[in-house]
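Have a look at the structure below, then the notes.
The values are calculated or read from the model by the stated rules, or taken from the named source; none is laboratory data. Model, not experiment: these values are computed from the prediction. FYI the Cβ positions are ideal-geometry reconstructions off the backbone, even for glycines, and counts take in every protein chain you see. Remember, those area values only see protein heavy atoms, side chains included, never the ligands or the DNA or RNA. Shrake-Rupley method; radii C 1.70, N 1.55, O 1.52, S 1.80 Å.
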Amino acid sequence: MATAEGAPAGVAELQVEKGLKTGALGLVSATVMGVASTAPAYSLAATLGFIVAVVGLGAPIVAVIAFVPIFLTSIGYSELNKADPDCGTTFTWAARAFGPKTGWAGGWAIVAADVLVMASLAQVAGQYVFLLVGAKGIGSDATSGWVLLVGLIWIAAMTYICYRGIEVSAWFQRILLGVELVMLLVFSITALVRVGTGHHPAGSITPSLSWFNPLQGGFTGFVTGIILMLFIYWGWDTAVAINEETKDPAKTPGRAAILSTLILLVTYFIVILSAQSFAGVGTSGIGLGNTANTGDVISVLGSAVFGGSGIGVFLSRLLVLMVLSSAAASTQTTILPTARTTLSMATYKALPKSFAKMHPRYLTPTVSTIVMGVVSALLYLAFNYISQGFVIADAVTAIGLYIAFYYGMTGFACAWYYRKQLRSSQRNLWMQGILPTLGGLIMYAAGAWSIWADWDVATGNSYTSWLMPFWPHWYLGGAFVIAFLSGLVGLLAAIWVRFAQPAYFRKQTLTRATPTLVPDE
């Protein structure tokens with residue numbers, strides 16, 4: 001081991017024991033957690049229609065381009081994890097690189113993004129439970145009281161699984177992700193074979209090179225498509241959030257994060273290409289441009305791809321189960337990393353110490369896990385009744401800003417943390433400096449665009465709006481309002497912590513000057 005530049009030789013970083021179960025997960029389990037947390041099937045079902053609406057036939061190539069900043073950011077995660085495998089991830093790393101205020105902001109961004117997405121995940125899970133059993137009348141009504149009830153039960157069940165232990169969670173994730181990826185592959189192959197053999201609907205399109213022009217929807221459409229794609233890639237960093245519970249925590253989580261992004265790239269490209277080829281981008285029927293199908297293109301395409309009789313019915317239902325399992329997996333893996341972020345924040349006295357309480361038998365963060373579940377349930381309950389539930393869609397849109405914020409921050413933190421050793425080798429210059437910084441710049445550019453798009457109602461980026469009752473009486477997009485209020489809550493919480501338990505903000509628990517060990521290359 002060698003100390004980081006600027007740290008006193010031979011002095012190791014004081015690693016605070018949090019009580020998590022060490023060595024519980026290997027590379028496969030960590031990678032499964034990373035992929036499952038993105039919920040590929042759920043993300044595609046809820047987002048593909050919007051992507052096609054803004055980029056047209058360029059959706060497959062936009063999926064590839066959006067992967068670039070994600071991959072660059074994952075390199076930053078991997079490099080920082082080598083120096084400090086802490087479950088607080090961006091919170092801890094940004095605090096070490098830039099100071100406590102920036103670290104706290106990064107930690108809050110993770111929490112805000114995860115909490116905001118829970119309502120959507122619970123709603124999709126609730127709807128798909130009824131679609132699975134053939135109750136389409138209830139399942140098609142997102143604001144149904146029965147859907148709400150099942151969604152709340154779903155959050156409670158996933159919270160309990162996370163509470164019971166990381167190994168139970170990993171085992172459950174393997175099953176769910178296995179069903180999900182297999183069914184996505186079967187769906188894609190079947191759709192492409194039907195197009196290739198001529199057994200396809202009238203609106204089907206044979207893939208061509210023209211699909212690989214990302215500017216088909218214009219520059220504005222291209223940037224909006226990138227932002228939407230960032231959302232469907234989001235979540236792979238769970239592989240790093242469980243770093244303290246993996247074998248070889250300095251290396252395994254980083255490798256799992258990079259592997260997760262590569263698996264997602266292949267999955268998304270194949271599914272988007274096949275769905276677009278089979279359904280086309282028309283505005284009627286099963287066309288991906290049909291606004292009636294925008295919120296859920298996968299279940300709509302299921303019966304069309306597999307047929308409505310015999311084995312086709314079974315496969316169609318299995319496809320519904322796949323999206324349900326995807327939402328379930330993401331619900332669980334959203335609770336899990338958020339609880340570990342708040343655990344780390346509490347350990348370093350950036351949150352009340354109760355959030356650091358561990359279960360003596362299951363070795364999981366008890367208060368952090370339960371609070372995450374309860375807050376998510378309360379927000380889902382409230383969001384379901386505000387503006388007829390449309391605010392849930394705006395909450396998902398608002399997440400884009402927080403994703404770009406803390407992913408980009410991690411890229412910058414990597415370059416700044418290693419700044420004094422970037423010239424030591426070409427490998428360090430690129431892997432610890434240039435590539436993570438480039439990823440951060442792209443993320444922040446996307447975030448800046450997201451702020452404008454969410455602010456301006458005319459962009460159509462929000463389903464709801466708010467008229468300021470005071471000067472200057474602006475109409476603000478609902479997505480911007482949600483992002484702003486989430487940030488305001490975080491600011492108020494930081495101010496409270498600053499005065500209630502000031503040790504963290506006084507740089508007494510986690511600072512840039514604290515020496516940290518960096519593994520030898």
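Some observations on this one:
- Positions within segment 296-309 being assigned to a helix (DSSP H, G or I), modelled with pLDDT of 80 or more and more than 22 Å from VAL55 (Cβ to Cβ), in sequence order: GLY302, SER303, ALA304, VAL305, PHE306
- Only a single item in (1) open to solvent by less than 50 Å² (accessible area, probe 1.4 Å); (2) within 21 Å of PHE383 (Cβ to Cβ); (3) not in a strand (DSSP E or B) is not met by VAL489, and it is number (1).
- Top-ranked residue of segment 409-424 - restricted to ones that are free of Cβ contacts under 8 Å to residues at least 24 places away in the same chain and over 31 Å from the mean Cα position of the chain (by Cα), ranked as surrounded by the most Cβ atoms within 10 Å (Cβ to Cβ): SER424
- Count of segment 445-476 residues which are touching a helix residue (DSSP H, G or I) at 6+ places or on another chain (Cβ under 6 Å) and open to solvent by 80 Å² or more (accessible area, probe 1.4 Å): 4
- Boolean, VAL179 is assigned to a helix (DSSP H, G or I), touching a Leu at 6+ places or on another chain (Cβ under 9 Å), hydrophobic (A, V, I, L, M, F, W, C) and more than 20 Å from TYR268 (Cβ to Cβ): no
- So GLY312, is it surrounded by fewer than 23 Cβ atoms within 10 Å (Cβ to Cβ) and assigned to a loop (DSSP other than H, G, I, E, B): no
- Scope segment 151-187; condition open to solvent by 30 Å² or more (accessible area, probe 1.4 Å), at pLDDT 85 or above and either closer than 30 Å to LEU273 by Cα or touching a Phe, Trp or Tyr at 6+ places or on another chain (Cβ under 8 Å) (or both); matching residues: LEU152, LEU181, VAL182, LEU185, VAL186
- Residue in segment 359-379 that is open to solvent by 30 Å² or more (accessible area, probe 1.4 Å), touching a residue at least 60 places away in the same chain (Cβ under 8 Å), over 26 Å from ALA46 (Cβ atoms) and of a type in the set (A, V, I, L, M, F, W, C) present: yes
- Being open to solvent by 70 Å² or more (accessible area, probe 1.4 Å), out of contact with any Leu (no Cβ under 7 Å at 6 or more places or on another chain) and at pLDDT below 90 holds for only one residue in THR220, THR224, and it is THR220.
- Where a residue in segment 478-507 is among the polar types (S, T, N, Q) and its partner, wherever it lies, is outside any helix (DSSP H, G or I), with Cβ under 7 Å and at least six apart: GLN501/LYS349
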